[in-house]
Amino acid sequence: MRRGIQICYLQFGDCGSLDQHGFARNKIWLIDENPPPLASNESFGKSFVDLLLKSSEEDLKQWPHSFKFHLRVSLAIDGDLTLVSRVRKHQWQAL
């Protein structure tokens with residue numbers, strides 16, 4: 001097992017036509033320059049970064065549905081690490 005946090009997106013395991021656990025974990029993510037703000041009760045004593053993965057032309061060849069995957073990684077002063085993910089699909093046909 002590798003170290004770190006596995007980001008499994010589009011499939012878990014090797015039960016589909018994509019690479020094991022999808023392709024999100026092997027992509028370069030961008031820093032989201034305009035993330036939604038943290039609620040005041042969630043922001044005290046925390047540092048965070050918002051990451052963004054958008055579907056590319058290469059991705060659309062493997063998975064023909066455009067998407068945006070947002071991942072907020074926050075670290076509290078007491079050492080608690082929290083990840084919150086949101087995926088927005090842009091085409092509304094059935095998967």
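Every number in this text was worked out from the coordinates using simple rules, so none of it is lab data. Computed from a predicted structure; not experimentally measured.
If amide hydrogens are placed 1.01 Å from N in the peptide plane, which non-local residues have theirs closer than 5 Å to the one on Ser66?
His90, Gln91
Just the Kirkwood number for the stretch 28-89, please: inverse of mean 1/r across all distinct Cα pairs, in Å, one decimal.
One decimal place: 13.0 Å for the Kirkwood radius.
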